Amino acid sequence: MKSLQAEAHSLSDPVTQLELINSHNEKIRSLSKFEDKLKEINLFPLKPTGVEIFQMNVGYMCNMTCKHCHVDAGPDRTEIMTKETFQYCLDALKNTDINTVDLTGGAPEMNPHFRWFVGEVSKLGKHVIVRSNLTILTTNKFSDLPEFFKEHGVEVTCSLPFYSKSRTDRQRGKGTYDKSITALKRLNELGYGKEDTGLLLNLVYNPVGAFLPGDQEEIKQEFKKELSRTHGIEFNDLYTITNLPISRFLNFLLMSGNLEEYMEKLIEAFNPAAATGVMCRNTISVGWDGRLFDCDFNQMLEMEIHEDSVQHIREFDLDSLNNRQILVNQHCFGCTAGAGSSCGGATT
């Protein structure tokens, strides 16, 4: 399976994506714009509560091409963060009290400067989260990464669509489940996911189809029970994430004829409490090329940070970022539906 970009697909264009997810307003007049919903609860313009998480997308290159991927990542993507941009990030972090550095991709491990950067950030005393697809840890070139993670106290947050083989492979490709289980067992052997080790291992669950995730705590307990029973696997936490209607998941919605119904579902499930806790309020997203965004989803839609704030990591100014206006659009309903959704799971 190729990325949308490699196929020269129309949905590889962020402008086309935004046009599509906004088009339902003309067809379903009773539905609101996200901006209007924020105005109703006196949250517009949306402002930060203070940057606490420094999230970096270090490149779109990945060893997998998953059907739901909002990044449109894959082996054919060549966008990757340079060492110079990594250094700009280090310089920014040195001068702030931001404690959490969240590394994502693609497969962030595939960036040639990944290990160097994790080592340097660890020296600063920052907490590092790596978002892994697990399968990368079973390949020869990266098979020693679990030990590297342990050495630097990295928190590993990894994708596992379901605790069963059939549902996992259906979403992410044949063989994914077996490789994921192998990686999880290796992490467990090193102490990850075990009580009192301090080595955090978290799973990420997002639905296969055009529906919202269920109760996060219930799903977590179900995963714990089944993975322990079938494989003896332990983990610390589980985060449910709503699929946002962009990139490959948007393509799925179009191909299955579910776009309007899904958008209606997201809008009708708008939760004011979830809106107050959206991740863009305490997070800044750094793109592979150093450009700044309010979140990883805005990054994929090329919605750069507000023009009144700093635009690139080399110009990093925390005061400016903490006082910016956060840019929103219809995809943001995905983060405010039901219990809410963020990179750290449900928000309410």
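The table that follows gives values for the structure above.
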{"quantity": "Tabulated pairs, region 183-197, first touching a residue at least 12 places away in the same chain (Cβ under 8 Å), second assigned to a helix (DSSP H, G or I) and loosely packed, with under 13 Cβ neighbours inside 10 Å, C-beta under 8 angstrom, 6+ apart or interchain", "calculated": "Leu190/Glu147"}
{"quantity": "Unique residue being open to solvent by less than 50 Å² (accessible area, probe 1.4 Å), within 18 Å of Arg186 (Cβ to Cβ) and touching a residue at least 12 places away in the same chain (Cβ under 8 Å) when the list is Glu79, Glu109", "calculated": "Glu109"}
{"quantity": "Positions within region 257-296 being touching a Phe, Trp or Tyr at 6+ places or on another chain (Cβ under 9 Å) and at positive phi, in sequence order", "calculated": "Gly290"}
{"quantity": "Residue within region 274-281 that is within 16 Å of the chain's Cα centre (by Cα) and of a type in the set (Val, Ile, Thr) present", "calculated": "yes"}
{"quantity": "Residues within region 301-328 that are in a helix (DSSP H, G or I), open to solvent by less than 20 Å² (accessible area, probe 1.4 Å) and farther than 17 Å from Gln87 by Cβ, tallied", "calculated": "1"}
{"quantity": "Residues being in contact with a helix residue (DSSP H, G or I) (Cβ under 6 Å, 6 or more places away or on another chain) and open to solvent by less than 40 Å² (accessible area, probe 1.4 Å) - total across region 209-246", "calculated": "9"}
{"quantity": "Filter result (surrounded by fewer than 16 Cβ atoms within 10 Å (Cβ to Cβ) and in a helix (DSSP H, G or I)) within region 252-263", "calculated": "Leu254, Met255, Glu260, Glu261"}
{"quantity": "Some residue of region 268-276 being out of contact with any Gly (no Cβ under 7 Å at 6 or more places or on another chain), β-branched (Val, Ile, Thr) and either buried (at least 22 other Cβ atoms within 10 Å of the Cβ) or closer than 25 Å to Leu11 by Cα (or both)", "calculated": "no"}
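The values are calculated or read from the model by the stated rules, or taken from the named source; none is laboratory data. Every value quoted in this text rests on a predicted model; they were computed, and no experiment measured them. Here the Cβ is made from the backbone with ideal geometry for all residues, glycine too, and neighbour counts use every protein chain on show. Heads up: the accessible areas ignore ligands, DNA and RNA and are worked out on the full protein's heavy atoms, side chains in. Shrake-Rupley method; radii C 1.70, N 1.55, O 1.52, S 1.80 Å.
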